[in-house]
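The values are calculated or read from the model by the stated rules, or taken from the named source; none is laboratory data. Just so you know, these numbers come straight off a predicted model, no measurement behind them. In this analysis, Cβ positions are derived from the backbone assuming ideal geometry, glycine residues included, and neighbour counts consider all displayed protein chains. Just so you know, the surface numbers come from the protein's heavy atoms only, side chains and all, with ligands and any DNA or RNA stripped out. Shrake-Rupley method; radii C 1.70, N 1.55, O 1.52, S 1.80 Å.
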Amino acid sequence: EMSPEERAFQERVDRGEKIEPKEWMPEGYRKTLVRQIGQHAHSEIVGQLPEGNWITRAPTLERKAILLAKVQDEAGHGLYLYCAAETLGVSRDELMEKLHNGSMKYSSIFNYPTLNWADIGAVGWLVDGAAIMNQVPLQRTSFGPYSRAMIRICKEESFHQRQGYDIMMKMAKGTPEQRAMAQDALNRFWYPSLMMFGPSDKDSVHSAQSIAWKIKINTNDELRQKFVDQTVPQAEYLGLTIPDDNLRWNEEKGGYDFSEPDWSEFFEVIAGNGPCNKERLGARVKAWEDGAWFREGLMAHAEKHGKRQAA
Ligand code: 3HC
């Protein structure tokens with residue numbers, strides 16, 4: 001049974017009003033936002049690692065400049081989202097601590113390796129394509145700072161997806177070796193990209209409440225279906241084959257029928273046992289420890305500066 005405040009709050013959400021940080025909100029709403037926005041921010045930061053791995057090995061100066069710009073964008077996306085999470089009373093240090101000790105997650109997709117340049121095309125095309133599918137509806141989320149962060153982030157994401165698809169086009173229409181690399185990258189990134197949308201709706205523990213609070217606008221399966229329907233024609237244009245023998249257009253559904261990912265693999269990956277989890281988290285912990293001296297210096301300077309001001 002809802003309390004009067006909870007009912008008034010729900011009516012605000014149902015009217016499509018934006019909830020701002022200082023306004024009353026149920027504790028569960030705040031906690032869900034910290035979890036989702038914090039993990040979204042972690043995804044942006046950890047997501048820099050697979051692509052960062054190829055900045056020094058990009059095939060041309062132009063591709064290097066494009067990839068560098070994209071990885072820098074992701075860092076900015078992470079900062080917008082950490083700032084949105086901080087408006088809910090959680091500190092940056094607390095969020096980082098929880099990422100490093102495994103009590104907060106980041107997107108499963110970043111636990112797969114980027115083995116060659118075609119993977120950078122597949123990541124831009126599929127991973128950023130899926131991220132766009134997920135983030136565009138989130139522009140309408142009920143929490144003001146998250147909605148505004150999403151609007152800014154979505155402006156930059158289309159470039160991320162297009163540059164990846166451009167790499168795939170170049171390789172799919174290149175030499176037989178390049179085509180084989182593009183097909184191999186699609187084979188390895190297809191199912192992990194479907195997993196980005198989360199478990200199937202029947203296994204999604206947060207969806208019902210998150211949709212009621214407009215923290216989530218669509219269900220996991222809805223967005224996964226939209227992603228498949230949009231991506232299959234793009235693969236056909238490239239002359240590449242989606243690695244799914246059950247894929248076929250279903251006229252009355254108005255969408256494709258397709259094989260689900262291996263959910264046991266998904267739950268293993270988000271439990272920390274994916275191909276690259278230890279490497280990715282190790283890289284983040286090392287960066288945090290290597291940067292301690294710099295943070296301490298900044299704080300010491302700020303304190304000294306503060307004392308001078310006060311004196
Ligand atoms: N990777 C890791 N964990 C996942 C996951 C995934 N792909 N999908 C679901 N989970 C976790 C959930 O976080 C939850 O665990 P928790 O309680 O410890 O947080 C559990 O699995 C159950 O899943 P639910 O569907 O019940 O959870 P949600 O309602 O939170 O839905 C979500 C999951 C769809 C990812 C939702 O949290 C969401 O939309 N988050 C914001 C978008 C986001 O994080 N996108 C990351 C994509 S990568 C990215 O944006 C970078 C881009 O620039 C490339």
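Kindly provide the trypsin sites (Lys or Arg not before Pro) of region 133-242 that DSSP labels as loop, not H, G, I, E or B, and whose Cβ sees at most 13 other Cβ atoms within 10 Å. Intermediate results must be reported in sequence, preceding the final value.
Values: sites: Arg140, Arg148, Arg152, Lys155, Arg162, Lys170, Lys173, Arg179, Arg188, Lys202, Lys214, Lys216, Arg224, Lys226; in loops: Arg140, Lys173, Lys214, Lys216.
Here the sparse-neighbourhood loop sites are Arg140, Lys173.
When the Karplus curve 6.51 cos²θ - 1.76 cosθ + 1.60 is applied with θ = phi - 60°, which whole-Hz ³J(HN,Hα) does each residue of region 202-218 get, with x for Gly and Pro?
Running phi through 6.51 cos²θ - 1.76 cosθ + 1.60 with θ = phi - 60° gives 5, 9, 8, 6, 9, 4, 4, 5, 5, 6, 4, 8, 6, 7, 10, 9, 10 Hz.
Less than 17 Å from a label point 7 Å out along the Cα-to-Cβ axis of Gln10: which backbone N atoms in region 215-242 qualify, by residue?
Label zone hits: 215-216.
Using the Karplus curve 6.51 cos²θ - 1.76 cosθ + 1.60 with θ = phi - 60°, work out ³J(HN,Hα) for each residue of region 96-112 in order, rounded to whole Hz, and write x for Gly and Pro.
With coefficients 6.51, -1.76 and 1.60, one gets 5, 4, 6, 5, 5, 9, x, 8, 10, 9, 9, 4, 3, 4, 7, 9, 10 Hz.
Kirkwood hydrodynamic radius, region 124-179, all distinct C-alpha pairs: what's the number in Å?
Details: mean 1/r = 0.0809 Å⁻¹.
Hydrodynamic radius (Kirkwood, Cα pairs) of region 124-179 is 12.4 Å.
How are the alpha carbon pair distances in region 2-91 distributed across 5 Å bins from zero to the largest one, expressed in percent?
Percent of Cα pairs in each bin: 3, 13, 17, 15, 13, 10, 8, 7, 6, 4, 2, 1, 0.
For region 91-132, taking Cα atoms only, what is the radius of gyration to one decimal and the Dmax to the nearest whole Å?
Calculated on Cα positions, Rg and Dmax stand at 13.7, 38 Å.
Where only protein heavy atoms count, and the probe is 1.4 Å, what is the accessible area per residue for the chain in Å²?
The answer is 50 Å² per residue.
Give me the aspartates and glutamates in straight-line cross-link reach of Lys173: C-alpha distance below 13 Å, same-chain residues under 8 apart excluded.
Glu236
Working only with C-alpha atoms, what are the Rg and Dmax values of the chain, expressed in angstrom?
21.0, 76
Among all the lysines, which ones have a C-alpha under 25 Å from Lys253's C-alpha, if same-chain residues fewer than 8 places away are not counted?
Leaving aside lysines fewer than 8 places away in the same chain, those within reach of Lys253 are Lys202, Lys216, Lys226.
Give me the Debye-computed log₁₀ of I(q)/I(0) at q = 0.12 Å⁻¹ for region 152-251, equal point scatterers on Cα only, no solvent, two decimals.
-0.51
Under 10 Å, Cα contacts only: if you run a Gaussian network model on the chain, which one of Ser43, Ser108, Ser200 comes out with the highest mean-square fluctuation?
Ser200
Provide the descending list of Cα extents for region 226-284 along its principal axes, expressed in whole angstroms.
Here the Cα extents, ordered largest to smallest, are 46, 25, 19 Å.
Collect residues whose amide H, placed 1.01 Å from N in the peptide plane, falls under 5 Å from the amide H of Gly255; neighbours closer than 5 in sequence don't count.
Those lying under 5 Å, H to H, from Gly255 are Asn250.
Assuming 1.002 mPa s and 20 °C, estimate D for region 186-311 with Stokes-Einstein, Rh taken as the Kirkwood radius over Cα pairs, in µm²/s. Could you put the intermediate results ahead of the total?
Details: Rh = 18.7 Å.
It diffuses with D of about 115 µm²/s by this estimate.
Scan around Phe143 for amide H atoms under 5 Å from its own, H built in the peptide plane at 1.01 Å from N, and keep only partners 5 or more places away or cross-chain.
Ile19
What percentage of the solvent-accessible surface of the chain, computed with a 1.4 Å probe over protein heavy atoms, is contributed by carbon and sulfur atoms? Provide the component values of the computation, followed by the final result.
Numbers: 8830 of 15430 Å².
Roughly 57 percent of what the probe reaches on the chain is carbon or sulfur.
Taking region 232-278, which trypsin sites (Lys or Arg not before Pro) meet the DSSP loop condition and have no more than 14 other C-beta atoms within 10 Å? Each step should come with its number before you reach the end.
Working: sites: Arg248, Lys253, Lys278; in loops: Lys253.
Those satisfying the criteria are Lys253.
Tell me, what ³J(HN,Hα) does each residue in region 66-79 have, in order and in whole Hz, if you take phi through Karplus 6.51 cos²θ - 1.76 cosθ + 1.60 with θ = phi - 60° and put x for Gly and Pro?
5, 5, 4, 5, 5, 5, 5, 4, 4, 4, x, 4, x, 5
Nearest 500 deg cm²/dmol is fine: what mean residue ellipticity at 222 nm does the chain get from its DSSP H runs of n ≥ 4 alone, each adding -39,500 (n - 2.57), divided by its residue count?
On the way: 14 runs with 201 residues, N = 311.
Mean residue ellipticity, 222 nm, calculated: -21000 deg cm²/dmol.
Efficiency by 1/(1 + (r/R0)^6): what FRET value for Gln209 and Trp263, r their Cβ-Cβ distance, R0 = 22 Å, to the nearest 0.05? Working shown, then result.
Values: r = 22 Å, r/R0 = 0.98.
It comes out at approximately 0.55.
Give the cross-link partners of Lys70 among the aspartates and glutamates, using a straight C-alpha distance below 16 Å as the criterion and excluding same-chain residues fewer than 8 apart.
Partners within reach: Glu44, Glu51, Glu62, Asp119, Asp128, Glu156, Glu157, Asp166.
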